[in-house]
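Below: one structure, written as structure tokens.
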Amino acid sequence: MKLFLIAALLAVAAAAPSSYKTEEKKYEKDYKYPEIVVTSQSDERNLDGSSQWNYAQSDYATRAESQAQKKFVVTKVDDYGKETKEEVYGNTNQGSSYWVSPEGEKFTLTWVADDAGFQPKGDHLPVAPVHVYELPVAPVHEYELPVAPVHEYELPVAPALPYSRTGLGY
């Protein structure tokens, strides 16, 4: 009976609400940005494998993407170096995104992903500097190669010896 009373007392103590403030409430109180909600959204899937989807948010951020299937001709090389061409289906995607940073800067990003690879475009993306290099040219030297001396040799000829058969018992 005493064990039952102790267990009941512990269960009541564990179920009592805590008086400590949680981090979530502190975060909600300090959060200074308005809640962001989706204002529009569409998603379309077609039987041919293509699709389009987009959404817009209350903070003016938008995203749109489309996809289509395309037939590609690829070259495959086997272990012996033999090349074969094969038709395969793959996806080509393109899309765009727009958002405003917390500092108020507006960003637009467009991109295409197809057989030429992923190609993003945007004013905020870094661009590799273009360097114009002059290729070095090897110096030209006018040398005459030495010519090896030519020697004429007379090869010795072995004298002819008389021939006789031996070992046959004659």
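Pick from Asp59, Asp48: which is closer than 27 Å to Thr110 by Cα and either touching a Gly at 6+ places or on another chain (Cβ under 9 Å) or open to solvent by 70 Å² or more (accessible area, probe 1.4 Å) (or both)?
Asp48
Mind telling me which of the residues Asp115, Asp79, Asp123 ends up being open to solvent by 80 Å² or more (accessible area, probe 1.4 Å) and touching a residue at least 24 places away in the same chain (Cβ under 8 Å)?
None of the others qualify; the one that does is Asp115.
Looking at segment 60-85, which of its residues are over 23 Å from Asp115 (Cα atoms) and of a type in the set (Asp, Glu)?
The one that is over 23 Å from Asp115 (Cα atoms) and of a type in the set (Asp, Glu): Asp79.
Please find, among Ala68, Ala128, the residue that is open to solvent by less than 100 Å² (accessible area, probe 1.4 Å), of a type outside the set (Ser, Thr, Tyr) and assigned to a loop (DSSP other than H, G, I, E, B). I'd like the intermediate steps shown before the answer.
On the way: Ala68 fails: assigned to a loop (DSSP other than H, G, I, E, B).
Unique residue meeting the criteria: Ala128.
Under 6 Å between Cβ atoms, which residue pairs at least 6 apart in sequence (or on different chains) link something in segment 94-110 that is β-branched (Val, Ile, Thr) with a partner that is surrounded by 15 or more Cβ atoms within 10 Å (Cβ to Cβ)?
Thr108/Tyr98; Thr110/Ser96
The values are calculated or read from the model by the stated rules, or taken from the named source; none is laboratory data. Owing to the predicted nature of the structure, the values given are computational and were not obtained by experimental measurement. Neighbour counts are summed over all protein chains in view; Cβ atoms, including those assigned to glycine, are modelled from backbone coordinates with ideal geometry. SASA here: full protein model, heavy atoms, side chains in, ligands and nucleic acids out. Shrake-Rupley method; radii C 1.70, N 1.55, O 1.52, S 1.80 Å.
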